[in-house]
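A short worksheet on the structure shown next.
The values are calculated or read from the model by the stated rules, or taken from the named source; none is laboratory data. This one's a predicted model, so the numbers in the text were calculated from it and none came from an experiment. With ideal geometry, Cβ positions are generated from the backbone for all residues, glycine too; neighbour counts draw on all protein chains shown.
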Amino acid sequence: MPVLVDTNVLLDLVTDDPDWADWSESKLNELSAQGLCVNPVIFTELCVGAERAGEVVELLDELRIELHELSLDALFLAAKAFQRYRQLSGSKRSSLPDFYIGAQALDQTMRVLTRDTQRFRTYFPEVDLICP
């Protein structure tokens, strides 16, 4: 099963983050044999800093990362996680990207490579995280 790569790990490489780029690159290399993927939400987040969508496609191709769609079940799980977040006094009015990422990982039994673990551990404790 492929590993779902969170946006922050990819941005570490793109921005050559002085604290995290080496760790992120090392983990991507280590996990590449298992297969790496992103979903449309992660793709969208990567596009924020790009001039065109093709730049993101090129980055993903260079890193051998595939784009995996979100299933209807994953979308449902994301909605329920967001509903729980709101019940626990969450202030955001629209679903958060971590809910889509966590829901897809749970639905498709994927591990998540991330440095941002708080929401995953709170709303998707069953998901196996690869983190510092």
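What to note about this one:
- Screening region 109-131 for residues that are surrounded by 18 or more Cβ atoms within 10 Å (Cβ to Cβ) and not hydrophobic (A, V, I, L, M, F, W, C) and picking the one that is modelled with the lowest pLDDT gives 119.
- Looking across region 64-108, just one residue is on the phi > 0 side of the Ramachandran plot and at pLDDT 95 or above, and that is 64.
- Residue count for region 58-89, restricted to those that are surrounded by 15 or more Cβ atoms within 10 Å (Cβ to Cβ) and of a type outside the set (Gly, Ala, Ser): 10
- Restricting region 5-38 to residues that are among the charged types (D, E, K, R) and surrounded by 13 or more Cβ atoms within 10 Å (Cβ to Cβ) leaves a set whose member that is farthest from residue 131 (Cα to Cα) is 17.
- Residue check, residue 77 under 17 Å from the mean Cα position of the chain (by Cα), in a helix (DSSP H, G or I), closer than 17 Å to residue 129 by Cα and of a type in the set (A, V, I, L, M, F, W, C): no
- Subset of region 39-56 that is surrounded by fewer than 18 Cβ atoms within 10 Å (Cβ to Cβ) and of a type outside the set (A, V, I, L, M, F, W, C) - its residue that is farthest from residue 68 (Cα to Cα): 51
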